[in-house]
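We did not get these values from a lab; they are worked out from the coordinates using the rules stated. Note that this is a predicted model, so its numbers are computed, not measured. Glycine also receives a Cβ, built like all others from the backbone with ideal geometry; neighbour counts cover every protein chain displayed.
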Amino acid sequence: MTDKIPTIVVVDDSATSISVYQFSIEPLAANFIGFKSSNEALPYLEEHQPDLLFLDIIMPGMDGLSLLKLLRTFDHHKETKVIMV
């Protein structure tokens, strides 16, 4: 039996913040995916359910809370673990 490698997604408009997340998550041997906007992340999130999702609360365009509200309308995101930052 093989263990599933977790996927962690970060949506943050700051490239520096995304780099800090990536550096912090790297030792966990998890798949890391970073997006600089909600609109950039949405096509991926419509098709995939990460194990953990970090959402920046304040971003230009669609903010993190608006993205979360939209994601909760998808069946596969009803129970996605989310941390708002």
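Take the range 4-46 and flag every residue that is under 13 Å from residue 59 (Cα atoms) and assigned to a loop (DSSP other than H, G, I, E, B). Matches in the range 4-46: 12, 13, 14, 36, 37.
Just one of the numbered conditions (1) surrounded by fewer than 17 Cβ atoms within 10 Å (Cβ to Cβ); (2) touching a strand residue (DSSP E or B) at 6+ places or on another chain (Cβ under 6 Å); (3) within 20 Å of residue 5 (Cβ to Cβ) is not true of residue 27: (2).
For the range 55-79, the set of residues classified as part of a loop (DSSP other than H, G, I, E, B) and of a type in the set (Ser, Thr, Tyr) consists of 73 only.
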